[in-house]
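These notes concern the structure reproduced below.
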Amino acid sequence: MSHLMNTYARLPVAFTHGKGAWLTAEDGQQYLDALAGIAVNGLGHAHPKLTAALAEQLGRLVHTSNIYRIREQEALADRICALTGLDEVFFANSGSEANEGALKLVRLYGHRHGNPEAQTIVMEHAWHGRTLATLAATGSEKARKGFEPLPSGFIRVPYNDLAAIEKVAADDRRVQAVWLEALQGEGGIRIADADYLRALRRLCDEKGWLLMVDEVQCGIGRTGRWFGYEWAGIRPDVITLAKGLGSGVPIGAVVAGGPASGTFGPGNHGTTFGGGPLACRAGLETLRIIEEENLLASAAAMGRRIRDGFAAALQGVRGVVAIRGEGLMIGIELDRPCGDLVRQALASRLLINVTQDRVIRLLPPLVIDAGEADEIVARLAPLVRAFVGAPEQRAA
Ligand SMILES: *Cc1c(COP(=O)(O)O)cnc(C)c1O
């Protein structure tokens, strides 16, 4: 019997090493990775430049604590602020932890601005994490069930529904922030309309609310831009980052600008591990390599190629409701629960995920090439066709 707490229904495979978009299992079999450790391994596995940089850092300095200056942390904050146009960064160790920091920031901001009951508007189907406050903000009843009492301070509205927020704005004077993902990941690869995001930006400006965007999954190049909100041409007041930022070395970040900057002072927030030299070096190298290897353009192109590939391979197939996404954040929604496809794909040596019961989720590494992109379609499309009972597609 395993001594691990039973928190995951794990697939029966363990990997020993990887290279790029490929993972090798204990039995020597190679798997094509279309999940990238859930949007973490943007550079793929064992990227040589990252490996060399981390090895150098490991041999020099791993941890000193935030009692001292940390040059790698300062450099990464500079880089993130240059990319976002925001002003300051707090480093944490995960997405949930970054989001907790952002929520604390909203509350402190509210207290400072005569709104001690500061409420945050959050979205249906949102995913913000599994700590108590981020769980309270998360839109999954399944994830929340059994963990009450949860922290209060949240007002939930439907995603992409401006009227719902305007109604809250008219009725509730305690609102201090609107919080959403630019593209919902766990929520089923749903995309916020650009008009909706722009209208939210205007509403937040008008009301003195903070616009906060959780970029933990859709940030760091995944959608073909550095950040998912860029597709709408807006600048949020607060964003949170994690998954892809450290290429697998744990790191999270709260990034604040405009009215949100300067909220935290000494004693308001902190962390022992957060922003350590190793994690920040991983972040710095990740951003540098994405730029050097032109991975934003590549993610956009490969994502289009994969979506077009599925659109052709699944054309007219009843049971396929939608193929959607931006860049390498791709969802294929079926008309029925399809969790079984994960095991079927595994048997075809392809790593995928299913979210919201009915949405196949693909989050390949940003480094995949055209051949690998085509291979994802070639391995998965026949499984989907068979799953929904469509005839096999004849070779053209
Ligand atoms: C994964 C995720 C989180 C939680 O991150 P953890 O590192 O698992 O705590 C938060 N928000 C979004 C959008 C995510 O996808």
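Any read-out appearing in this document is the output of simple, stated calculations on the displayed coordinates, not a laboratory observation. All of these numbers come straight from a predicted model, not from anything done at the bench. Note that each Cβ is placed from the backbone with ideal geometry, even for glycine, and that neighbours are counted across all protein chains shown.
From the list GLY244, GLY224, GLY219, the one residue that fits, being part of a loop (DSSP other than H, G, I, E, B), within 12 Å of the ligand (Cβ to nearest atom) and of a type outside the set (D, E, K, R), is GLY219.
Looking at the stretch 141-155, is at least one residue in contact (Cβ under 8 Å) with a residue 12 or more places away in the chain and crowded, with 21+ Cβ neighbours inside 10 Å? No: the stretch 141-155 contains no residue that is in contact (Cβ under 8 Å) with a residue 12 or more places away in the chain and crowded, with 21+ Cβ neighbours inside 10 Å. When the stretch 1-50 is limited to residues that are assigned to a helix (DSSP H, G or I) and among the hydrophobic types (A, V, I, L, M, F, W, C), the one that is surrounded by the fewest Cβ atoms within 10 Å (Cβ to Cβ) turns out to be ILE38. Per the conditions (1) surrounded by 19 or more Cβ atoms within 10 Å (Cβ to Cβ); (2) over 21 Å from the mean Cα position of the chain (by Cα), the sole criterion not satisfied by ALA53 is (1). The set of residues in the stretch 207-226 being surrounded by fewer than 24 Cβ atoms within 10 Å (Cβ to Cβ) and either closer than 28 Å to HIS113 by Cβ or aliphatic (A, V, I, L, M) (or both) consists of LYS207, GLY208. Among the residues here, ILE165 does not qualify as touching a strand residue (DSSP E or B) at 6+ places or on another chain (Cβ under 6 Å), in a helix (DSSP H, G or I), in contact (Cβ under 8 Å) with a residue 60 or more places away in the chain and surrounded by 14 or more Cβ atoms within 10 Å (Cβ to Cβ). Being surrounded by 15 or more Cβ atoms within 10 Å (Cβ to Cβ), within 16 Å of the ligand (Cβ to nearest atom) and within 23 Å of the chain's Cα centre (by Cα) is the requirement here; does GLY101 meet it? So GLY101 fits the description; yes. Here LEU86 does not fit the description of being within 26 Å of TRP231 (Cα to Cα), within 16 Å of the ligand (Cβ to nearest atom) and not in a strand (DSSP E or B). Among residues of the stretch 110-140 being among the hydroxyl-bearing types (Ser, Thr, Tyr) and under 14 Å from MET212 (Cα atoms), the one that is farthest from the ligand (Cβ to nearest atom) is THR120. For the stretch 8-39, a residue qualifies if it is within 21 Å of LYS243 (Cβ to Cβ) and in contact with a Ser or Thr (Cβ under 7 Å, 6 or more places away or on another chain), and the qualifying residues are PHE15, GLY18.
Select, from PRO391, PRO382, the only residue that is touching an Asp or Glu at 6+ places or on another chain (Cβ under 9 Å) and not basic (Lys, Arg). On inspection, the qualifying residue turns out to be PRO382.
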